[in-house]
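What follows draws every value from the coordinates through simple rules; no lab data is involved. What you are looking at is a predicted structure, and each value in this text was computed from that prediction instead of being measured. Cβ sites come from the backbone with ideal geometry, for glycine too, and all protein chains shown count toward neighbours.
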Amino acid sequence: MAVLVVAETDGANLPRGTLATITAALAIDPEVDVLVLDEQGDEASGAASGIVGVRSVIKAGGPGLAGNLAENLAPAVVEAARNYGYVLAPAGTWGKNLMPRVAAMLDVQQISDITEIVDGDTFIRPIYAGNALATVRSRDPVKVITVRGTAFAVAEAPGGSAAITAGPEVAAHDIARFVKRELSQSDRPELAAARIVISGGRGMGSGENFQLLDQLADKLGAAVGASRAAVDAGYVPNDFQVGQTGKVVAPELYIAVGISGAIQHLAGMKDSKVIVAINKDQEAPIFQVADYGLVGDLFKIVPEIADAL
Amino acid sequence: MKILVAVKRVIDYNVRIRVLPDGSGVETDNVKMSMNPFDEIAVEEAIRLKEAGTASEVVAVSIGPARSQETIRTALAFGCDRGIHVQTEQPPEPLAVAKLLAGVVAAEEPGLVILGKQAIDDDSNQTGQMLAALLGWPQGTFASELVIGDGVFDVTREIDGGLETISINAPAIVTTDLRLNEPRYPSLPGIMKAKSKPIEAKTPADYSVDVAPRLETVTVAEPPPRPPGRMLESATELVQILREEKGVL
């Protein structure tokens, strides 16, 4: 059964999550079409048509594309989804907002955030913030799935030459209106997408002391995060929080500084490829998940790391 | 304006999850259960709107086994006015929950429904969006700010890479993200008062909803364990390993 990939787009660049979703789609079935829902759809459609393995690109049009509102996009996805056995989208905030609306309109139970494909009906997805992996089999005639971007390789491009066809006209409903978008203008990468994350815990002692981590982060091109304890202590804002109730991250390198390793924090970072823990207490639970540990005074060790770079 | 908040009873966020040896699920016997943290934020937001005079009544609804009533009681202790418990043997899947909530909405006619963006047990992040679809209502998901206007809600949403603001017409669905507010602790008088607040008992049949699961859980497994770590002596050694052995710097 053919797969429809609902692409999150960013101008001519297809985000990593979309490219990974196309890889997942090709693992389900070789017949993969990509639906582009973008006001400036020409660039994104062109990029999608160049992806190796994509059969065709469906470019939606119409006034409802402006503002990226699920209220407008979902009916168009439902219309485009006819004759497909699978509808896939990346599990970023864009896909998470849109796809359950699509699934409910199709009367199917969505499968969120898959990390592995077992067979055409069976998928693996993390539950309890990755503390358990559930293998689930879907009985629904159309499978609506979101895909965890870090779990699949990016699709190969360029090299493909898929035809671009005109797709559904997206109507603008007046129940929701886009007002504004403010993307973070930080020089540092976004926490959830960073290759390196440095997080501080209660051991940092104060908000001012996070400057120590900022300096190291600037040298490494890293994002700065925090444990819930550090957030609760008022050292940093809530959007720094890594953990089950904060952001779940899986960077190539995670450096935990002055973090004891409460379960709810571990749930947010334990899928990182390499974990380094720096803590004065050698019994701290963080060392049980760390690949490398340094026991000692973080105010001495962190500057030493910065110097050694 | 009446506000409906949906609350789910989940394993407490501080409990270490144990996968059952037979792979049928995770251990829930003798495990501390709490209100889903994102639902606490939903309750807090609704209570603040009531305190501000914007909301006239706050109704807490939970769907699940008998003990979900404890979670409703917690919501009542926060300050919700009354509860509705739709009793099921197992917590249903998001689509069935959304259908049941749509039934509750049809009966209660709230102007706003606030839900947590996801439950920290199955991590689906679906119910609010599905409810919005079933009702044909707009959705303000992953909200970090909610401003109530005249027949409209301005919702600031947490999106990848920043924030987005949308304006949606009432009635609407809002799902909460972490920065929306910091929930209070229930007060002792609140806890005492909660005991006498009414909880209406309902069943899926009352809403003509089939809660049979669409997904079959084949197995639940532990994630692969991490290899044991190494304690290092110095920052220099660490940098050398990260650079040369691991190639991550």
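Return the calculated 222 nm mean residue ellipticity for chain A, to the nearest 500 deg cm²/dmol, obtained by summing -39500 (n - 2.57) across DSSP H runs with n ≥ 4 and dividing by the residue count. All intermediate terms of the calculation are to be shown ahead of the outcome.
Numbers: 9 runs with 84 residues, N = 309.
When only DSSP H runs of four or more count, the value is -8000 deg cm²/dmol.
Within segment A:144-232, the GluC sites (Glu not before Pro) that combine a DSSP coil assignment with at most 15 other C-beta atoms in a 10 angstrom radius are A:E156, A:E190, A:E208.
Projecting the Cα positions of B:Q139, B:T165, B:I17 onto the charge dipole of chain B (unit charges on Cβ atoms of Lys, Arg, Asp and Glu, taken about the Cα centre) puts B:I17 furthest along the positive direction. When A:H265, B:H85, A:H173 are sorted by how many other C-beta atoms sit within 10 angstrom of their C-beta, beginning with the fewest, the order is A:H173, B:H85, A:H265. GNM remark for chain B: springs join alpha carbons under 10 Å apart, and the peak mean-square fluctuation among B:G79, B:G128, B:G151 falls on B:G151. When both segment A:70-140 and segment B:50-87 are represented by their alpha-carbon centers, they are found 30 Å apart. Between the listed residues A:I275, A:A192, A:Q215, the Cα displaced farthest toward the positive end of the dipole of segment A:171-309, a dipole computed from Cβ unit charges relative to the Cα centre, is found at A:A192.
Based on every Cα atom in chain B, Rg and the maximum pairwise Cα distance Dmax equal 20.9, 67 Å. Which one, B:P189, B:P198, B:P37, has the greatest fluctuation when you compute a Gaussian network model over chain B with C-alpha springs under 10 angstrom? Judging by the Gaussian network model, the answer is B:P189. For segment A:126-280, relative contact order (Cα pairs under 8 Å, six or more residues apart, normalised by length) works out to 21 percent. Here the relative contact order of chain B, from alpha carbon pairs under 8 Å that lie six or more residues apart, stands at 23 percent.
Is segment B:74-132 best put as rounded, prolate or oblate by its Cα gyration tensor, with a ≥ b ≥ c the root eigenvalues, rounded for a/c under 1.5, and otherwise prolate when a/b is larger than b/c, oblate when not? Rounded shape, in that the Cα axes give a/c under 1.5.
Out of segment B:67-167, which GluC sites (Glu not before Pro) are coil in DSSP terms and have no more than 11 other C-beta atoms within 10 Å? Kindly include the intermediate steps, with their values, before the conclusion.
Numbers: sites: B:E70, B:E89, B:E108, B:E145, B:E158, B:E164; in loops: B:E89.
When the GluC sites (Glu not before Pro) of segment B:67-167 are filtered for loop state and at most 11 Cβ neighbours within 10 Å, B:E89 remain.
Our summary gives chain A a relative contact order of 16 percent, counting only alpha carbon pairs under 8 angstrom and 6 or more residues apart.
Separation of segment A:237-282 and segment B:111-159 by C-alpha centroid, Å? Going from one Cα centre to the other spans 28 Å.
For the Cα atoms of chain B, what angle does the longest principal axis make with the long axis of helix B:37-51, in degrees from 0 to 90, nearest 10? Compared with the principal axis, the helix lies near 40 degrees. Taking every residue in A:190-198 and counting other chain Cβ atoms within 10 Å of its Cβ, the average works out to 1. Please determine, in degrees from 0 to 90 and to the nearest 10, the orientation of helix A:298-308 with respect to the longest principal axis defined by the Cα atoms of chain A, where the helix direction is its Cα long axis. Helix A:298-308 sits roughly 70 degrees off the main axis of chain A.
For the pair A:A172 and A:D214, the difference between a 0.36 nm per residue extended length and the Cα-Cα distance amounts to 10.8 nm. Full extension of the chain between B:E200 and B:T219 yields a length gain of 3.3 nm, computed as 0.36 nm times the residue separation minus the alpha carbon distance.
Of all the C-alpha pairs in the protein assembly as shown, what % are more than 31 Å from each other? List each step's numbers first, then the result.
Working: 75385 of 155403 pairs.
Summing the P(r) tail past 31 Å for the protein assembly as shown gives 49 percent.
Seen from all directions on average, segment A:181-309 presents a Cα convex hull projection of 7.2 nm².
A Gaussian network model of chain A, with springs between Cα atoms under 10 Å, assigns the largest mean-square fluctuation among A:A163, A:A250, A:A44 to A:A163.
Going by how many other Cβ atoms sit within 10 Å of their own, how do A:F123, A:F210 line up, fewest first? List each step's numbers first, then the result.
Numbers: A:F123 26, A:F210 21.
Ascending Cβ contact count within 10 Å gives the list A:F210, A:F123.
If each residue's Cβ is checked for other Cβ atoms within 10 Å, how do B:D210, A:D113 rank with the fewest at the top? Don't jump to the answer; show the numbers that get you there.
Working: B:D210 10, A:D113 25.
Least crowded to most crowded, the residues run B:D210, A:D113.
Among the lysines of segment B:1-104, pairs that are 8 or more positions apart or on different chains and have alpha carbons within less than 24 Å of each other number 5.
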